[in-house]
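Since the structure comes first, as structure tokens, the remarks are kept for the end.
The values are calculated or read from the model by the stated rules, or taken from the named source; none is laboratory data. Computed from a prediction, not measured in an experiment: that's the story for all the values here. Here Cβ is always computed from backbone atoms with ideal geometry, including for glycine, and neighbour counts include all displayed protein chains.
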């Protein structure tokens, strides 16, 4: 995977595991609903998993953080 870079994506999420989970979930959503947040010609990737990563890198997907009340 060349674009988006893993370094840029890890600034958005805490771990590679979380990144995989979010991208897979969004990719399945794209496949099921055919809803894309950008015009199809704006994506560099042709596959939904790559498109999900691009959306994450562009800030179109927000990651909610849980607060620990310890």
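Structural remarks
- Within region 57-70, residues that are over 14 Å from residue 11 (Cβ atoms) have Cβ atoms under 7 Å from residues that are assigned to a loop (DSSP other than H, G, I, E, B) and modelled with pLDDT of 80 or more in these pairs: 60/37, counting only partners at least 6 apart in sequence or on another chain.
- Subset of region 51-70 [surrounded by fewer than 17 Cβ atoms within 10 Å (Cβ to Cβ) and under 16 Å from residue 5 (Cβ atoms)]: 57, 58, 59
- Count of residues meeting criterion [surrounded by 10 or more Cβ atoms within 10 Å (Cβ to Cβ) and in a loop (DSSP other than H, G, I, E, B)] in region 12-50: 10
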